[in-house]
Amino acid sequence: MNLSEAAPRERLRGIASMVSAVFVFSIMDALMKRLSAHYGPMQVSFLRCLSSFVFLLIPIAWQHSWATVSGTNPLLHLWRGALGVAMLGSFVFAVHRLTLAQTYSLFLAAPLLMTALSVPIYGDRVSVKRWLAIVLGLGGVLLILQPWGRSVVSLAAAGAAAIATICYALSALTVRTLGRTNSSISMVFWYLALVSIGSGVLGFASWRPVKPDDWGWLAGIGISGALGQLWLTDAFRRAPPSVVGPFEYTAIIWAFAIDWIFWSASPSLTLLIGAGIVIASGIFVIWDERRLAGLALNPASPPP
């Protein structure tokens, strides 16, 4: 396979990894929302990362593949770990006070921010059509949130979600740089280790003993968090943020389902219309990516 064939295929695999990561992260976030009713944001962040770290260590220890966790650029790993502590703590604070769908509606501004930042930082080129699709998807998110309506979200919670969004976007961009010289396992290993340490230190003062009934939920968080982190890291290694970032909008759909199943929060007509806009935007980006992949595989074909 030549380079012209490999690049589009890698991007499509990155998209598949992002969709998978979003699904399992939605499950994990619902479990963290449940735990946030009893524990502080930093303790929940610590328990989330530690449980995922344990599930990541099991296959590494079983296969004696410790060499895979060695990494380069330690300062960038530390920077990403600090961003992770701020992101998780802010997100848990927000999701405790808002519904999962409301939190995601704010948090999913990250793909647009990543796309904007990837242009000056990495020199990416984003087509006008794809920009319009991303903006349309963001419009769907705003329609879901309805900041102009009566049900205005808590200012503190919205601010926390905004901080989480910014930290996540910056963290995602560091993955692209780290991925040039570090394996996916290495990046996930050091991210979970550093965020566990940071959030554990910050959450020590307000620590509460973990209830016996909550250990099963922690196991679920660990499994989904480890899988999601691996898929997320793989997505940003295979494709630029401008390609995989918009697919985080699919999290809105999972949030609707989880809110309805576990908290009996039925989506309104406005929420459903907003979700339809988000889905339409994502479908267009998939189609556009496949169109470009087809052109790369058949360079002699005229563009449609």
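For the structure I just gave you, tell me whether Leu57 is surrounded by fewer than 17 Cβ atoms within 10 Å (Cβ to Cβ), at pLDDT 95 or above, in a helix (DSSP H, G or I) and among the aliphatic types (A, V, I, L, M).
no
Does Gly200 satisfy the criteria of being in a helix (DSSP H, G or I) and modelled with pLDDT of 95 or more?
yes
Return the residues of the stretch 31-54 that are over 25 Å from Ala257 (Cβ atoms), surrounded by fewer than 23 Cβ atoms within 10 Å (Cβ to Cβ) and touching a Lys or Arg at 6+ places or on another chain (Cβ under 8 Å); say none if nothing qualifies.
Correct list: Gly40 only.
Pairs please, first residue from the stretch 58-79 and free of Cβ contacts under 8 Å to residues at least 60 places away in the same chain, second anywhere and surrounded by 11 or more Cβ atoms within 10 Å (Cβ to Cβ) and not hydroxyl-bearing (Ser, Thr, Tyr), Cβ atoms under 7 Å, 6+ apart in sequence or on different chains.
Trp66/Ile60
I'm trying to understand the selection: among the residues of the stretch 112-132, which are crowded, with 20+ Cβ neighbours inside 10 Å and not hydroxyl-bearing (Ser, Thr, Tyr)?
The answer is Leu112, Met114, Arg130.
Please determine, by comparing only the residues of the stretch 224-271 that are of a type in the set (Phe, Trp, Tyr) and within 12 Å of the chain's Cα centre (by Cα), which one is farthest from Arg34 (Cα to Cα).
Ranking the candidates gives Phe236 first.
Hey, can you tell me all the residues within the stretch 169-180 that are assigned to a helix (DSSP H, G or I) and either crowded, with 20+ Cβ neighbours inside 10 Å or modelled with pLDDT of 85 or more (or both)?
Of everything in the stretch 169-180, those that are assigned to a helix (DSSP H, G or I) and either crowded, with 20+ Cβ neighbours inside 10 Å or modelled with pLDDT of 85 or more (or both) turn out to be Ala169, Leu170, Ser171, Ala172, Leu173, Thr174, Val175, Thr177, Leu178.
Please find, within the stretch 93-111, the residue that is surrounded by the fewest Cβ atoms within 10 Å (Cβ to Cβ) out of those that are at pLDDT 80 or above and among the aliphatic types (A, V, I, L, M).
Leu98
From (1) free of Cβ contacts under 8 Å to residues at least 40 places away in the same chain; (2) buried (at least 24 other Cβ atoms within 10 Å of the Cβ); (3) among the aliphatic types (A, V, I, L, M), pick out the condition that doesn't hold for Ala21.
(1)
Check Ile166, Ile144 and return the single one that is farther than 17 Å from Gly245 by Cβ and at pLDDT below 90.
Ile144
The values are calculated or read from the model by the stated rules, or taken from the named source; none is laboratory data. Model, not experiment: these values are computed from the prediction. Reconstructed Cβ throughout: ideal geometry from the backbone, glycine too, with neighbour counts over all protein chains shown.
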